[in-house]
Amino acid sequence: MKVGISSIHFDVPKIYLPIEELAQHRNIESAKLNKGLGLERMTFPDVHQDIICFAANAVIQLLETEGLEPSMIDRIYFGTESALDSSKPMASYLLPILAQHFNNQNPNCDVVDFTFACIGGVDAFQNCLDYVRLRPEKKCIVVCSDFAKYDLSSPGEYTQGAGAIAMLIEAQPKLLSFSLETGISSRGVFDFFKPKRSFQKRQILNSNVEADHFSHYEEELLIAREQPVFDGQYSNQSYLERVQEAYFDFKKQKETDSPCYAKWELILMHLPYCFQARRMFWQIIASEEPDLKSSFEGASDAEKWKAFSKSDAYKKIVQQKIYPSEVASGKVGNIYTGSIFLGLLSALYYSAKENSDLTAKTLGFMAYGSGAKAKVFEAEVQAEWKEQILKSKLFETLDQAQPISFETYEKLYLKKQLNSVVSPKNEIQLQRVEKEKPESYGARYYKWV
């Protein structure tokens, strides 16, 4: 029995900052970001949007396109590292939104969040695959929704992005079926994380605030920020180490001496920026086929591998196996847990538009999450893949996005923009956040507009 993805849909902001605009204001050569990293745009949430809006829009598109009701879904599992609450799962926010939109309650739907940096969505996805293998009559939805926000003027600022991916998981899938083997590598490191920062109460409250209003607060407060603490070079090294270990663990499970990547028609990797995979994958080849370096000139092994990474042979691998997954990434930016699945959507949509024949072909997945963990696994493309993937209208939707000025971007970032740049239409809107009633302070309410 085959189990996998039958449908995949997405939602991203309708506005973006052109990467050239950011480069100009940060005194960065635009070619470094565009030609060097593959960046074209940086999507950013509008005033009325958050990760719940993106997730709900993606799920609604999926259900409507496939002719499904919420009551037909047994699980909604949510991968994110942008949670808005330390207790209530983001998946639970979707239930009242879907019930209202479809006028269809589903009190028996299991909902939960998975958090492990950018690989949390893969964890949620594989958990649902295993569930359907045990209960093939059931259907699950996996949602990945995030806002990758970095400090202004930091090295991560130009990789920012936001959006959600929703996938329908079922038996006898129409898009992809997944094998059981999964290579894994896990270590406890601090390459990228979001700690709760500690501040003294007096550092936060100014003198004109009534002291008794906060008298019941602790003297030391823990503040959660959207922006991470990270070390880019350390994170890249951790990414490579974990993926290599997971790759060879996967190869061991497959019981093969042949290079696994050689049979992968497309390669899907986590893309914290557009060109991450192409700038890293040659090192996987180097560890898989060490004798290959003898074909290239150089005084040392390092020089020979550098020559390989710039060779026509490697460029051909990139163009055929990696480039299709990059197309959407360059126009959206990093969306954390959804990035590898946005790459999947991009690769399949690009292939469909190019009239490629992927039926029965094998795709390779190399997922990574800081902290750190990597997973390597495979999928087989199903006969109805082209019809199913074209329903998403990926490229056409991205082409409708509107550019914003740098000034508007900064106002949105600093939360000084009061009105939406693009008025919401036919989508879920964050209606309000409760700030008056102590018993429900922070509760978030949504509506379809």
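Things to note:
- Those residues of the stretch 328-362 which are surrounded by fewer than 22 Cβ atoms within 10 Å (Cβ to Cβ) and of a type in the set (Val, Ile, Thr), in sequence order: THR359, THR362
- Put simply, of PHE365, PHE395 the only residue that is in contact with a helix residue (DSSP H, G or I) (Cβ under 8 Å, 6 or more places away or on another chain) and either surrounded by fewer than 24 Cβ atoms within 10 Å (Cβ to Cβ) or not assigned by TED's automatic domain parsing to the domain that holds ASN334 (or both) is PHE395.
- Candidates VAL111, VAL132, VAL142, VAL122 - the one that is under 22 Å from LYS375 (Cα atoms) and in a strand (DSSP E or B): VAL142
- Counting the residues of the stretch 59-87 that are in a loop (DSSP other than H, G, I, E, B) and either in contact (Cβ under 8 Å) with a residue 60 or more places away in the chain or among the aromatic types (Phe, Trp, Tyr) (or both) gives 9.
- Scanning the stretch 245-285 for residues that are within 21 Å of the chain's Cα centre (by Cα) and part of a helix (DSSP H, G or I) gives ALA246, TYR247, GLN276, ALA277, ARG278, ARG279, MET280, PHE281.
- Some residue of the stretch 303-319 being in contact with a strand residue (DSSP E or B) (Cβ under 7 Å, 6 or more places away or on another chain) and under 30 Å from ALA166 (Cβ atoms): no
- Residue within the stretch 322-336 that is under 28 Å from LYS252 (Cα atoms), modelled with pLDDT of 95 or more and among the aliphatic types (A, V, I, L, M) present: yes
- Given (1) touching a helix residue (DSSP H, G or I) at 6+ places or on another chain (Cβ under 9 Å); (2) of a type outside the set (D, E, K, R); (3) surrounded by fewer than 24 Cβ atoms within 10 Å (Cβ to Cβ), index of the condition ASN127 fails: (1)
- Total residues in the stretch 373-386 satisfying the condition of being of a type in the set (Gly, Ala, Ser) and buried (at least 24 other Cβ atoms within 10 Å of the Cβ): the figure is 1.
The values are calculated or read from the model by the stated rules, or taken from the named source; none is laboratory data. Owing to the predicted nature of the structure, the values given are computational and were not obtained by experimental measurement. Methodologically, a virtual Cβ is constructed for each residue, glycine included, from the backbone with ideal geometry; neighbour enumeration extends over all protein chains shown.
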